Each structure stands twice: as C-alpha cells, then as structure tokens.
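To start, the structure itself, in structure tokens.
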Amino acid sequence: MERYFWHLTDRQTVGLACVLCGADFRREGPEAVPVGRSAERDGEVSACRTPCVEQIAAEAQEMADTMRAAAAPSPAPGWGADPSPSAYSVDGAFGELLRDLHMLTGAEAMLTTSDEPETVRWLLALSARHSEAAMTRARLLLAQMAREGEG
C-alpha cells in the first residue's frame with residue numbers, strides 16, 4: 001500500500017524535493033528515498049534518507065499501532081471464547097460500534113463545512129481510524145452472531 005502525501009510544492013510532487021523538509025535533491029545533495037506518492041499528481045515522491053525517512057517511518061509505525069489498537073477486540077464481556085449477550089449492549093461491542101458510527105457521522109458533518117487543510121487532514125485521519133474500527137467490530141459481531149446461530 002502506498003502512502004499518499006498532500007499539499008506538496010511542485011518540486012515535491014515530482015520527486016525533486018523532500019516531502020518533509022523541502023531539501024532540493026539536486027542542489028543540496030541529500031540522498032533521496034522513495035516514500036510514497038503525491039496525492040495531487042499520483043507521482044512518486046521522496047524524502048531525505050536521514051532524518052526525514054526515519055520520521056516518516058516512525059509516523060507510519062505510530063499510525064499502524066493506533067489502527068491495531070482500534071481494531072483489537074474489546075475487553076468488554078462477550079468477546080472471549082464464551083459469547084455473552086452483553087456484547088450486544090451499549091456497554092459491549094455493539095455500543096462501541098455505535099460510537100464509531102456516531103464519530104463518522106460527526107466527521108462527515110464537519111468535513112462538509114471545513115476548508116482548512118489541517119482540519120481536513122485531522123478529520124480524514126479520524127474518519128480512517130473510526131471506519132476501520134467500525135468495520136472490524138461489525139465483522140466480529142457478525143462472526144459472533146453466526147457462531148451463536150450454529151450452537
């Protein structure tokens with residue numbers, strides 16, 4: 001999966017400058033490493049081998065950890081080997097799914113009125129996190145319902 005970078009300069013979108021620090025690869029001489037694609041032009045973009053690639057890698061790891069935590073099964077009753085009806089309560093997995101969907105509704109409303117790039121980026125990150133979590137929770141609930149139907 002490619003990482004996309006937004007709001008880049010013309011030189012950054014064609015891979016001639018670092019996507020983080022803006023260093024010119026032809027003039028300043030840092031070693032360029034491909035790190036993703038430009039969202040505007042869909043071309044390959046690069047970053048300085050040090051320290052920018054390490055920063056991008058650290059951010060990617062942090063995002064991956066956040067997604068894993070959001071997608072992890074809830075410690076609420078009903079997620080273990082012994083399914084419990086409490087998973088369908090507002091305090092269980094069903095309630096968590098409803099909260100994720102509520103967050104997505106709020107993010108949608110805010111996205112329709114916001115035009116500040118930093119706010120839009122934050123809302124998109126929020127939407128990505130909660131949509132991923134909602135998908136995972138819905139699938140887990142469906143699997144649990146299927147198991148209960150078999151037993």
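The values are calculated or read from the model by the stated rules, or taken from the named source; none is laboratory data. On a predicted model such as this, the values are computed, not experimentally measured, just so you know. A quick note on method: Cβ atoms are made from the backbone with ideal geometry, for glycine too, and the neighbour counts reach across all protein chains shown. Remember, those area values only see protein heavy atoms, side chains included, never the ligands or the DNA or RNA. Shrake-Rupley method; radii C 1.70, N 1.55, O 1.52, S 1.80 Å.
The slack between Trp122 and Thr9, meaning 0.36 nm per residue of separation minus the straight C-alpha distance, is 38.7 nm. With every protein chain left in place and a probe of 1.4 Å, what is the accessible surface of Leu140, to the nearest 10 Å²? In the full protein context, Leu140 sits at about 60 Å². Calculate, for Leu16 and Glu108, the FRET efficiency according to 1/(1 + (r/R0)^6) with r their C-beta to C-beta distance and R0 41 Å; round to the nearest 0.05. Calculated value: 0.65.
Taking a point 7 Å out from the Cα of Thr66 in the direction of its Cβ, the residues of the stretch 120-144 whose backbone N falls within less than 14 Å of it are 120-133. Ordered from highest to lowest accessible area with the whole protein assembly present and a 1.4 Å probe, His102, His130, His7 read as His102, His7, His130.
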